[in-house]
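Nothing in this text is a laboratory measurement; each read-out follows from the coordinates by a stated rule. Computed from a predicted structure; not experimentally measured. For neighbour counting, all protein chains shown are included, and Cβ atoms are generated from backbone atoms with ideal geometry for every residue, glycine included.
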Amino acid sequence: MVSLWENWRSSAGMRRGPRFDTVGGPSTYAVELTKRHATLSLTEQGADNGSMRVNLSWRMRSSDFDDGPGRRNSLRHPLRALKPQVVQSHTQGVVDVDLDLACMYELVDGSRGVVQPLGNFLGDWNSPPYVKLTGDDRFGSPSGETIYVNLDHKDEIKRLLFFVYIYDGTPAFDRTHAILTLFPSNGPRVEVNLDQRAPQARSCAVLLIEHEKDQLMVRRQVRYVYGFQSELDRLYGWGLQWGRGYKEGKV
């Protein structure tokens, strides 16, 4: 039988628990940004300098949807049974999806632009924008796609918006399990799961990094849109001029 003292110690421990959801053990410690805990200060954990790596990895889901119109789901969400189901383009197997990691940047001097595979805008590490894309993964390999940020020049960076878009294939964010992981120079890695059901969306703003007073803050976004970069631009007020582009080897 659990004593009153043990119950009190247990509840007190929960109140003093970590602010963020954590993943893994001490050797693989990660912080997951969620709707409830959506911000983190890189400055507070001494990670606002040096090299910061941002990685996108994903794997395909099967055609078995977790949120199907089953009885269990209907009991948990009774009103969802009244909502029409979205017709999927594929009903069996996996969907051919090409996810791309990209970053819109705005520097303190007012210059703005994008780092992305489309158009071969790969950025630069040692010169503005101090953001560099290492390559384009079209197959969802374990290494995924990676962008490096040179935070030794953080005072020249006003804000960075990391986003993911589906260049080729069916608009099917709900058929992929994608994770954006930020590896700071110090402290735990930061993870954001793109696990919301958005079957018709083609782009998703995932993370916004910007200065707030004397802090460099990371803010979870996870905002799905049905268009491409220009729609994200309008949503965040970047003010860039967009045109249609193609990847090398694709038309």
- Query: Once the piece of chain linking Glu212 and Arg197 is laid out straight, how much longer is it, given 0.36 nm per residue of separation minus the C-alpha distance between them?
  - Reply: 2.3 nm
- PRE zone check, label point 7 Å out along Cα-to-Cβ of Thr134, amide N under 20 Å, scope the stretch 174-189, hits 178-189
- Query: If R0 is 45 Å, what FRET efficiency do you get for His177 and Val108 from their C-beta distance, rounded to 0.05?
  - Reply: 0.80
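Can you give the extra length, in nm with one decimal, that the chain gains between Arg219 and Asn120 once fully stretched, where that is 0.36 nm per residue apart less the Cα-Cα distance?
Taking Arg219 through Asn120 to full extension adds about 32.9 nm, to one decimal.
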- Query: Computed FRET efficiency, Cβ-Cβ of Ser51 and Tyr226, R0 35 Å: what is it to the nearest 0.05?
  - Reply: 0.50
- Task: Rank by packing, highest mean first: peptides 153-163, 224-234, with packing defined as the count of other Cβ atoms within 10 Å averaged across residues.
- Result: 153-163, 224-234
